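**Student:** Just passing along the structure, written as structure tokens.
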Amino acid sequence: MSFILKSEDEYEDLLGLWSDLEAGLGMVLSHPHKVQEFEARIHQYDHWMQNLIRHDTDVALYLLFQLAAHSPVGYSASHALMCGVLCHLVALDFQLPETERDNLVHAALTMNMAMTELQDQLATQRGRPTTAQEAALRTHEARGADLLRELGIRHALWLQTVQQHHQEQNFQQDLLALAPPQRLVHILNMVDRYAAMISPRQSREGRSATDSANSIVNTGNTKNKQVGQALVHVVGWYPPGTYVQLDDASVGVVMRRSSQDNRPDVAIVLNDRGQAMRPPSLHAGANSGPAIQAALPASRVQEHFNHHLILQLGSQPI
């Protein structure tokens, strides 16, 4: 579905729904034992997420990539939601059975719940992890699966995917030829890595989405390439919400995907002198004009923009 935002109220409503979803997920991940009917709550958030994606996938990606790239605050919930969305889209791209999609997404939302506080702490920590933190990182997969069992989760595929999501897979087969547990573990491993690379920490800036995708696609491993190519297919080399340098020295923010993965539609927000464009100008990537020269980490663009205006402009013909 293409952009449909026509008013500031609609934008604020949609932004509020995504923010409420992220906040609710953060509460569940931080205090899982205080949640009644934990599994039902995860299902509820999954359906909420799917409805928002169906409302407008490009707007959903725009908001998520802006959020992931700009602030490490509440990183655990933001990362879980990003991974849940990406796993959902990749599962659809691979046409996985619904049961596999459900277990994959639920594992993505809960994979780090045994270290929620630590994950948020590390995102704002400048120094390297301490010895105790490193020990907690090494054991969080098994502890996460144990915690899910305590909370009543009995789905073997969900539990196994959480328990093994950092394990490197040595299988040489095509991804779709693997057994479901190995397939889901590998997809989540790749999505987790991709989402982590684009997110900033106090100790480092986030990488561009293009660099992150390249690091997966160009590893030489067939399964990595398959997942990387699926990610590029569902979000593009330049996903909505990410910044790009054009070959005329202007800077744009990607508004929506196009039929060509490397030619999205962008709003030009900085001119060739680095000055803010008010209002931004629209550029259809598939048409003639400046081409994308490189993806930019969000930290390279310090100006604050009216994202409602950018998204609203995206509903107009270019």
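**Student:** Quick check on the chain: helices-only [θ] at 222 nm, where DSSP H runs of length 4 and up contribute -39,500 (n - 2.57) each and the sum goes over total residues. Nearest 500, please.
**Tutor:** Estimated from H runs of four or more residues: -17500 deg cm²/dmol.
**Student:** Residue by residue, what Karplus-based ³J(HN,Hα) values in Hz, rounded to whole numbers, does the stretch 85-90 have, using 6.51, -1.76 and 1.60 with θ = phi - 60° and x for Gly and Pro?
**Tutor:** Couplings: 5, 5, 5, 4, 5, 5 Hz.
**Student:** Would you kindly state how much longer the chain becomes between N262 and M27 on full extension, computed as 0.36 nm times their sequence separation minus their alpha carbon distance, in nm to one decimal?
**Tutor:** That pair, N262 and M27, stretches by 80.9 nm at full extension.
**Student:** Now, a different point. Listed highest first by mean packing, meaning other Cβ atoms within 10 Å per residue, what order do 272-284, 92-104 come in?
**Tutor:** Output ranking for 272-284, 92-104: 92-104, 272-284.
**Student:** For a Förster distance of 51 Å, can you work out the FRET efficiency between the beta-carbons of S281 and T222, rounded to the nearest 0.05?
**Tutor:** 0.75
**Student:** Sticking with this structure for a sec: Starting from the amide H of S199, placed 1.01 Å from N in the peptide plane, find each other amide H under 5 Å away whose residue is 5 or more places distant or on another chain.
**Tutor:** R207
**Student:** Another question, then. Residues with amide H under 5 Å of M277's amide H, sequence separation 5 or more or different chain, H placed in the peptide plane at 1.01 Å from N; which?
**Tutor:** L270, N271
**Student:** Any idea what diffusion coefficient the stretch 243-313 gets from Stokes-Einstein, in µm²/s, Kirkwood Rh on alpha carbon pairs, 37 °C, 0.692 mPa s?
**Tutor:** Once the numbers are plugged in, D ends up at 273 µm²/s.
**Student:** Given 0.36 nm per residue, what is the gain on full extension from Q229 to Q44 after removing their alpha carbon distance, in nm?
**Tutor:** 63.6 nm
**Student:** Still on this structure, please answer the following. Under a Cβ-Cβ cut-off of 15 Å, what is the net charge of the residues other than H31 that fall near it, where Lys and Arg count +1 and Asp and Glu count -1?
**Tutor:** Charge balance in the 15 Å sphere: -2.
**Student:** If the label point is 7 Å along Cα→Cβ of H155, which residues in the stretch 101-141 have backbone nitrogen under 18 Å from it?
**Tutor:** 101-114
**Student:** When only C-alpha pairs under 8 Å and at least 6 residues apart count, what is the relative contact order of the chain, in percent?
**Tutor:** Normalised by residue count, the contact order of the chain is 18 percent.
**Student:** For the pair R138 and L309, how long in nm is the line joining their label points, each one 7 Å along Cα→Cβ?
**Tutor:** 5.3
**Student:** Which whole number of Å³ per residue matches the convex hull of the alpha-carbon atoms in the stretch 1-135?
**Tutor:** Measuring per residue, one finds 123 Å³ for the Cα hull of the stretch 1-135.
**Student:** If you place +1 on the Cβ of every Lys and Arg, -1 on the Cβ of every Asp and Glu, and leave all else neutral, what size is the dipole of the chain about its Cα centre, to the nearest 20 Debye?
**Tutor:** For the chain, the charge dipole is close to 720 debye.
Each value in this text was obtained by applying a stated rule to the coordinates, not by laboratory testing. A quick note: this is a predicted structure, and the numbers were derived from the prediction, not measured. Every residue, glycine among them, receives a Cβ derived from its backbone with ideal geometry; neighbour counts consider all protein chains shown.
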